[in-house]
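J.: There's a structure below that I have some questions on.
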Amino acid sequence: MNSQKRLHGRLALLAALLSAALLGIASILPGGSTALAQTPQAAAPTLSDIASYEGPDREKRLIEGAKKEGELMFYSSIPVEDIAALTAAFDKKYGVKVKVWRPIPKASCSAS
């Protein structure tokens with residue numbers, strides 16, 4: 001049961017990372033991309049705009065935006081087994097593929 005809670009917590013973290021990854025998605029703002037298309041001088045939404053949007057449709061817009069992007073890049077150093085379970089659950093729940101970049105640990109070196 002504890003591992004399920006940990007997985008749920010990590011899934012929530014991944015969902016939060018997803019929202020931060022959607023910098024270029026205009027549909028997160030009220031009016032969506034239609035509003036931006038009508039005003040050519042309008043600037044693209046900033047990370048602050050996306051992060052601070054609190055409308056009732058926030059999650060729906062984030063998911064739609066992620067599906068338009070097609071994938072999420074997830075940078076992590078958590079164990080490989082946990083990453084596999086986490087990304088599979090995320091893909092199943094949101095329908096968004098997750099690409100994972102995991103750093104290779106540096107080899108231990110001792111000076112002689």
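J.: Among the residues of the stretch 70-102, which ones are surrounded by fewer than 11 Cβ atoms within 10 Å (Cβ to Cβ) and either in contact with a helix residue (DSSP H, G or I) (Cβ under 8 Å, 6 or more places away or on another chain) or under 22 Å from Lys60 (Cβ atoms) (or both)?
T.: Gly70, Lys92, Gly95
J.: Let me ask something else about it. If the Cβ limit is 9 Å and pairs must be 6+ apart or interchain, which residue in the stretch 36-53 that is within 16 Å of Gly65 (Cα to Cα) and among the polar types (S, T, N, Q) pairs with which residue that is assigned to a helix (DSSP H, G or I) and at pLDDT 65 or above?
T.: Once the first residue is within 16 Å of Gly65 (Cα to Cα) and among the polar types (S, T, N, Q) and sits in the stretch 36-53, no partner that is assigned to a helix (DSSP H, G or I) and at pLDDT 65 or above comes close enough.
J.: Name every residue in the stretch 50-69 that is surrounded by 11 or more Cβ atoms within 10 Å (Cβ to Cβ) and more than 16 Å from Phe90 (Cβ to Cβ), in order of residue number.
T.: Start the filter on the stretch 50-69 by keeping residues that are surrounded by 11 or more Cβ atoms within 10 Å (Cβ to Cβ), which leaves 50-51, 53, 55, 57-69.
Ile50, Ala51, Tyr53, Gly55, Asp57, Arg58, Lys60, Arg61, Lys68 - these are the residues of the stretch 50-69 that are surrounded by 11 or more Cβ atoms within 10 Å (Cβ to Cβ) and more than 16 Å from Phe90 (Cβ to Cβ).
J.: Ok, one more. Out of (1) in contact with a Ser or Thr (Cβ under 8 Å, 6 or more places away or on another chain); (2) modelled with pLDDT of 55 or more, the odd one out for Val80 is which?
T.: (1)
J.: Return the pairs, sorted by first residue and then second, in which the second residue is at pLDDT 55 or above, the first residue lies in the stretch 101-112 and is of a type in the set (A, V, I, L, M, F, W, C), the beta carbons are less than 9 Å apart, and the residues are 6+ apart or on different chains.
T.: From the stretch 101-112, the pairs are Trp101/Met73; Trp101/Phe74; Trp101/Tyr75; Trp101/Ser76.
J.: Additional query: Output the number of the condition that Lys106 fails; it satisfies all remaining conditions of (1) among the charged types (D, E, K, R); (2) under 18 Å from the mean Cα position of the chain (by Cα); (3) modelled with pLDDT under 90.
T.: (2) is the only condition that Lys106 fails.
The values are calculated or read from the model by the stated rules, or taken from the named source; none is laboratory data. Values in this document were obtained by computation on a predicted structure and should not be read as measured data. Here the Cβ is made from the backbone with ideal geometry for all residues, glycine too, and neighbour counts use every protein chain on show.
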